[in-house]
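Peer 1: Supplied in structure tokens, the structure appears directly below.
The values are calculated or read from the model by the stated rules, or taken from the named source; none is laboratory data. Quick caveat, the model's predicted, so the values are computed rather than measured. All Cβ positions, glycine included, derive from the backbone under ideal geometry; neighbour counts span all protein chains shown. For the accessible areas, the whole protein counts, side chains as well, though only heavy atoms, and no ligand, DNA or RNA atoms are used. Shrake-Rupley method; radii C 1.70, N 1.55, O 1.52, S 1.80 Å.
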Amino acid sequence: AVLMVCIGATIGKCGFSERNIVTNQQINTIIPSAKVSNKFIYYQMLADRFQRQVILNSAQATLPIINKSKWGELTVAVPDSLPEQQRIVGILDKAFAGLAVAVANAEKNLQNAHALFESHLQAVFTQRGEGWEEKPLEAVASILNGYAFKSTDFSAKEGTKCIKITNVGVREFVPTSDGYLPESFAAEYEKVSVKEGNIVLALTRTIIAGGLKVAVVPEEYDGALLNQRVASIIANDKDLNGAFLFGYLSTQTVVDYVKERVNTLMQPNLSITDLRSMPIPAPPRREQNKITGQLDELREATQRLTSIYEKKLAALAELKKSLLHQAFRGEL
């Protein structure tokens, strides 16, 4: 049977099953006549032409939906000859099997590139040499807790930028185009102002699937105000290299520290007290700089590999679209 999601955000998503299955009301089951290949219909429904019909016929609804009348307006082009349908299906089956292998290899290489970086990152901070000390975070950095601005303080109009927990991703800062505070707040709440290069950490939903939510404030957020449940961390330059500290906060060791102190079954919240007492390794400054340089080089290499594999995955996706386009224009 051929299956298609007929309502919601994933409308148009198709599946194919050799067996009879039971579906809910959000999925339509298409059973072609004996003169039409199930797999031929499935492949045609994956093609852009059919998917555009789905979008066009569901776009007017608040919740995208293909109802019974709209379903009847969707069309497919089918050769009269069943052998011709089967010939096209055979070509696509073989091509898609090869594409699936290529995609799996690219995804595996992408995972390996990230795993190599993670492994090296962890090793750097666990294989400690002479002169390493361990100190609580508050002894080597200034920690600033955000202010509880009222929801009525925010607007979509430009003003003073504010950093919320939604701006803090896993090792990346996530800019947003809303959530501005009045211009006057910049001076009034200067005590919770952050600078470019400061480290920010989400104290609520501290850990998500990808790891710890910690990021570096970018240039465009220089002077932004810190909202509640976000902490700013500024390394004391005399004791600690800021980039070294960010590298350590990105490790699995820190994830484990946080997990031990939050209830991961509910909304994980890290207390400011636990953040302040977090143990931080502090080798001699020269070694910190050396480690930071090594991590920068490895990060750049990982980003290059990531870009290569992501481009390959995009190219494979385009090739799949191209094959479907050719198949239903009679070009295979």
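Peer 1: When the convex hull of the Cα atoms of the range 180-332 is projected onto a plane and the area is averaged over all directions, what value comes out in nm²?
Peer 2: Computing the convex hull of the Cα atoms and averaging its projections yields 14.7 nm².
Peer 1: Want the number for Arg299 to Lys135: 0.36 nm per residue separation, take away the alpha-carbon distance, what's left?
Peer 2: Gain in length upon complete extension: 56.4 nm.
Peer 1: Using a 1.4 Å probe over the heavy atoms of the protein chains, calculate the carbon and sulfur portion of the accessible area of the chain as a whole percent.
Peer 2: Answer for the chain: carbon and sulfur cover 52 percent of the accessible area.
Peer 1: Can you give me the orientation-averaged projected area of the convex hull built on the Cα atoms of the range 209-257, in nm²?
Peer 2: 4.6
Peer 1: Continuing with the same structure: Could you pull the Cα extents of the chain along its three principal axes, largest to smallest, in whole Å?
Peer 2: Each principal axis gives a Cα extent; for the chain these are 79, 50, 35 Å.
Peer 1: Largest first and in whole Å, what are the equivalent-ellipsoid semi-axes of the range 95-152 based on the Cα gyration tensor, each being the root of 5 times an eigenvalue?
Peer 2: Semi-axis lengths for the range 95-152 are 41, 27, 4 Å.
Peer 1: Sum up the charges of everything whose Cβ sits under 14 Å from the Cβ of Gly293, counting Lys and Arg as +1 and Asp and Glu as -1, but leave Gly293 out.
Peer 2: Overall, the nearby charge balance is 0.
Peer 1: List the residues, sorted by chain then number, that are 5 or more residues from Thr160 or on another chain and whose placed amide H is less than 5 Å from its amide H.
Peer 2: Distant-sequence amide H within range of Thr160: Leu181, Glu183.
Peer 1: Skip the ligands, DNA and RNA, and give the accessible area per residue of the chain with a 1.4 Å probe, whole Å².
Peer 2: It amounts to 57 Å² per residue over the chain.
Peer 1: Which one, Leu63, Tyr42, Ile91, is farthest towards the positive end of the dipole of the range 38-118 when Lys and Arg carry +1 and Asp and Glu -1 on their Cβ?
Peer 2: Selected residue: Leu63.
Peer 1: Quick one: give the max-minus-min coordinate of the C-alpha atoms of the range 152-250 along each principal axis, largest first, in Å.
Peer 2: 36, 34, 20
Peer 1: If you don't mind, another one. Using the Kyte-Doolittle scale, find the helices of the chain whose mean hydropathy is at least 0.0 and whose Cα atoms extend 18 Å or more along the helix's long axis, counting only whole DSSP H runs.
Peer 2: The answer, listed by residue number, is 82-126.
Peer 1: Based on the Cβ-Cβ distance of Glu84 and Leu313, what FRET efficiency does E = 1/(1 + (r/R0)^6) give at R0 = 45 Å, to the nearest 0.05?
Peer 2: Once the sixth-power term is evaluated, E becomes 0.90.
Peer 1: Based on the Cβ-Cβ distance of Val216 and Ile27, what FRET efficiency does E = 1/(1 + (r/R0)^6) give at R0 = 51 Å, to the nearest 0.05?
Peer 2: 0.70
Peer 1: In square nanometres and to one decimal, what's the mean projected area of the convex hull around the Cα atoms of the range 61-120?
Peer 2: 8.2
Peer 1: What does the charge count near Ser193 come to, summing +1 for each Lys or Arg and -1 for each Asp or Glu among other residues with Cβ under 14 Å from its Cβ?
Peer 2: -2
Peer 1: Cα extents of the range 96-213 along the three principal axes, largest first, in whole Å?
Peer 2: 58, 52, 22
Peer 1: Report the percentage of all Cα-Cα pairs in the range 131-190 whose separation exceeds 19 Å, rounded to a whole percent.
Peer 2: 48
Peer 1: Okay, moving on. Under the 0.36 nm per residue contour assumption, what length would be gained going from the current alpha-carbon distance of His114 and Ser142 to full extension?
Peer 2: 7.0 nm
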